[in-house]
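Coordinate-derived values only; no laboratory data. Everything quoted here is computed from the prediction, not taken from an experiment. Positions of Cβ are backbone-derived with ideal geometry, glycine not excepted, and every protein chain shown enters the neighbour counts.
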Amino acid sequence: MIPEEYEKGYKYFLGNKIDLSLKPLIPREETEYWVSLILKEIKEGSKCLDLFSGSGCIGLSILKAIKNSYCDFGEIEDKFIEQIKVNLEGIDENRYNIIKTDVFSNIEGKYDYILANPPYVAEKRINEVGEDVLEYEPRVALFSGENGMDAITKIINEGFNYLNINGLLVIEHDEDQKKEIEELILKNPYSKYEFHKDQFNKYRFVKIYV
Ligand SMILES: C[S@@+](CC[C@H](N)C(=O)[O-])C[C@H]1O[C@@H](n2cnc3c(N)ncnc32)[C@H](O)[C@@H]1O
């Protein structure tokens, strides 16, 4: 059955109405949960990057909640770039830029915060994905190689280049990717990291500091 969010054409994410008419990934409550926690620590005037933006729900929440913040949106699919534009209508154009990019390929400069909800479902676990998700939601938003680690690996191996001193990188992931993610972090010049659980008691996001 077509998800009701696509039928209605929108979903609320942290109090913001997110247009879904171009069918990006439907924002998930696990994402809403960790973004709400990170928003509490983002300082006024921060420069942020919402990487793997999809609908743009994460960056829009930053721009709405944090005074004088600036946010770039990085997304690979043209259709979702159009969707982000729709969702940013009414926001001062000096506060954001939408960048077509393959992970960091077209990203320049440094950020105080990078928030990333990449595709991370393992292709080998396709049988565990719900029928409706597979039929209606974009595959490019879900899968990332055999172990679901392709995008996450790139973010961790390159992310430190795009962070200011004391900058923070936050990545959403699957619980069973924790160990592999930890190994990747330790191979790169980061100073500290913390894994956190979601509201369902599953390890769901990692905070990585340069
Ligand atoms: C899991 S969705 C996240 C969407 C939104 N940020 C959210 O939290 O609901 C991942 C998004 O990343 C995009 N994407 C996939 N591969 C990418 C890549 N290599 N570079 C940039 N964006 C990519 C997909 O098109 C999709 O919109």
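Length available on full extension from residue 95 to residue 183: 0.36 nm per residue minus the Cα-Cα distance, which gives 28.1 nm. One decimal place: the segment residue 19-residue 128 gains 36.5 nm when fully extended, by the rule 0.36 nm per residue minus the C-alpha distance. Based on the Stokes-Einstein relation at 37 °C and a viscosity of 0.692 mPa s, and on the Kirkwood radius from alpha carbon pairs, segment 24-88 is assigned a translational diffusion coefficient of 274 µm²/s. Only DSSP H runs of four or more residues enter the estimate; each adds -39500 (n - 2.57), and after division by the residues of the chain the mean residue ellipticity at 222 nm equals -8000 deg cm²/dmol. With N as its number of residues, segment 90-210 has a Cα radius of gyration that, divided by 2.2 N^0.38 Å, comes to 1.13.
Among beta bridges identified by DSSP and lying wholly in the chain, the antiparallel ones come to about 45 percent. Centroid-to-centroid, using Cα positions, segment 6-31 and segment 130-182 are 20 Å apart. Going down the table (64/207; 154/179; 8/197; 17/178; 43/192), which pairs top 26 Å between alpha carbons? Pairs exceeding the cut-off: 8/197; 17/178. Ordering 173, 196 from the fewest to the most neighbouring beta carbons within 10 Å gives 196, 173. With the simple model of a label 7 Å out from the Cα in the direction of the Cβ, residue 150 to residue 105 spans 1.2 nm. Compactness check for segment 4-209: Cα Rg over 2.2 N^0.38 Å is 0.95.
The Stokes-Einstein estimate for segment 28-136, based on a Kirkwood radius over Cα pairs and taken at 4 °C with 1.567 mPa s viscosity, is a diffusion coefficient of 88 µm²/s.
The 3J(HN,Hα) values that the Karplus relation (6.51, -1.76, 1.60; θ = phi - 60°) gives for segment 153-158 are, in residue order, 4, 5, 4, 6, 6, 10 Hz. Gly and Pro appear as x.
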